[in-house]
């Protein structure tokens, strides 16, 4: 893989040959991308509803700092319960959706098998997934 970060990607691809590292990397990458997507969408819904963070916190009987951290902190790890409460207060719910076939092949198979045929491709896919979620929040 020829990029400006060639050594990084080559090292990561080598690390992805270790089944334990592979599983941890895929799970964490998907967790971060999923949480980012949900939090960004909830924050957009909050803005569209013209609801302040403090008002949203009152609606779910939470400390205002909880909601401020949820929408302001760079690294959040909210519980599913908190996300569901915020969603309900915004007239939404959290749902599951199947991964598209190509992503299922790229992500799920390595998790289940503990190996990946194209470690560079997997690393790029997960990086792009996280980057696309960050771009959507930056555009908001």
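Which residues, taken from region 76-86, are farther than 18 Å from residue 33 by Cβ and in contact (Cβ under 8 Å) with a residue 24 or more places away in the chain? Across region 76-86, the qualifying residues are 85, 86.
For region 93-108, residues that are in contact with a helix residue (DSSP H, G or I) (Cβ under 6 Å, 6 or more places away or on another chain), assigned to a loop (DSSP other than H, G, I, E, B) and surrounded by 10 or more Cβ atoms within 10 Å (Cβ to Cβ) total 1. What pairs come out if I take residues in region 104-122 that are on the phi > 0 side of the Ramachandran plot and modelled with pLDDT of 90 or more and pair them with residues that are loosely packed, with under 14 Cβ neighbours inside 10 Å and not in a helix (DSSP H, G or I) whose C-beta lies under 7 Å away, six or more apart or interchain? Hits for this filter: zero, empty list. Taking region 40-65 as the range and being surrounded by 11 or more Cβ atoms within 10 Å (Cβ to Cβ), more than 17 Å from residue 78 (Cβ to Cβ) and over 23 Å from the mean Cα position of the chain (by Cα) as the test, the residues that pass are 49, 51, 52, 54, 55, 58.
Residues that are touching a helix residue (DSSP H, G or I) at 6+ places or on another chain (Cβ under 9 Å) and over 17 Å from residue 82 (Cβ atoms) within region 50-60 comprise just one, 52. Residue check: residue 83 meets all listed conditions (1) assigned to a loop (DSSP other than H, G, I, E, B); (2) buried (at least 16 other Cβ atoms within 10 Å of the Cβ) but one, namely (1). Listed by position, the helices (runs of 4 or more DSSP H) enclosed by region 1-67 that each have at least 3 residues that are modelled with pLDDT under 95 are 6-15, 19-48.
The values are calculated or read from the model by the stated rules, or taken from the named source; none is laboratory data. None of the values given here were measured: they were computed from a predicted structure. Because the Cβ atoms are built from the backbone with ideal geometry, glycine has one as well, and the counts that use them run over all protein chains shown.
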